[in-house]
1. Name all residues of region 39-72 having a backbone nitrogen under 11 Å from the label point set 7 Å from the Cα of Glu78 along its Cα→Cβ direction, giving them as ranges.
2. In whole Hz, what ³J(HN,Hα) sequence does region 171-180 give by Karplus (6.51, -1.76, 1.60; θ = phi - 60°), x for Gly and Pro?
3. Put +1 on the Cβ of every Lys and Arg and -1 on every Asp and Glu Cβ in region 27-137; which of Leu120, Ala110, Ile55 then has its Cα farthest towards the positive end of the dipole?
4. Would you work out what percent of the accessible area of region 47-150, with all protein chains in place, is carbon or sulfur (probe 1.4 Å)?
5. Skip the ligands, DNA and RNA, and give the accessible area per residue of region 63-143 with a 1.4 Å probe, whole Å².
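The values are calculated or read from the model by the stated rules, or taken from the named source; none is laboratory data. Worth saying up front: this structure is predicted, and the values here are computed from it rather than measured. Cβ placement follows ideal geometry from the backbone for every residue including glycine, while neighbour counts extend to all protein chains displayed. The area values use the complete protein model at the heavy-atom level, side chains included, leaving out ligands, DNA and RNA. Shrake-Rupley method; radii C 1.70, N 1.55, O 1.52, S 1.80 Å.
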Amino acid sequence: MNVKDKSADGMGQPQPSEATAPGKPPKLGLRHALARERYLFKVDLYLDGRVPTRIRKRILADLRNSIDADAESTSIKEVLEGLGKPSELAASYAEGADQSRPLWTTGVVAALCVLMVYWLFLFTFTFGMLAVAMQAGGEFHSHFFFLKVTAFSGDNGVGIGWTGNAALWFPMALAAIAFIPASRAWRMFGRRRG
């Protein structure tokens, strides 16, 4: 018999171990995932306060699946350019939606920024006092807003400290002052009355 074994010369059908697993999407890589998630994060920020959370999650899941499917045949950059700017895409999804929702994400970001600035200035002020204490020696007391700050340097050691309840309530008050207008939290009460 002159039957040629196709598997012997490597020209036959792929063996089960060589075939790709059915239903498994190809790995698109870290760069793809970072670009996709950055884009979706921007869309999410623009949808915040315009679309309910449940619908927003569904929109983002659909967009994620669509981006991944399109990126299999073209680059992630071209896919995202095809979708347009995140603000415009979010606006298209938010057409006709209730625009009177609180902007929780914006409020949290504003509160965190205010807290970071507060702690940055507090530590700068305190370490400035410590630098003076180390040069002059002795113990120094001052106030940073409502917080009593102490810095000392001597034979027994060097240190800084804060005393008073303002260490907790003052930064929290600043965060709340930033959160309320940035998030427009009062919209929640207007929606309940309506």
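1. 71-72
2. Once θ is set to phi - 60°, the couplings for region 171-180 become x, 5, 5, 4, 5, 5, 4, 6, 5, 4 Hz.
3. Leu120
4. On the way: 3900 of 6290 Å².
Looking at region 47-150 in its full context, I get 62 percent from C and S.
5. 62
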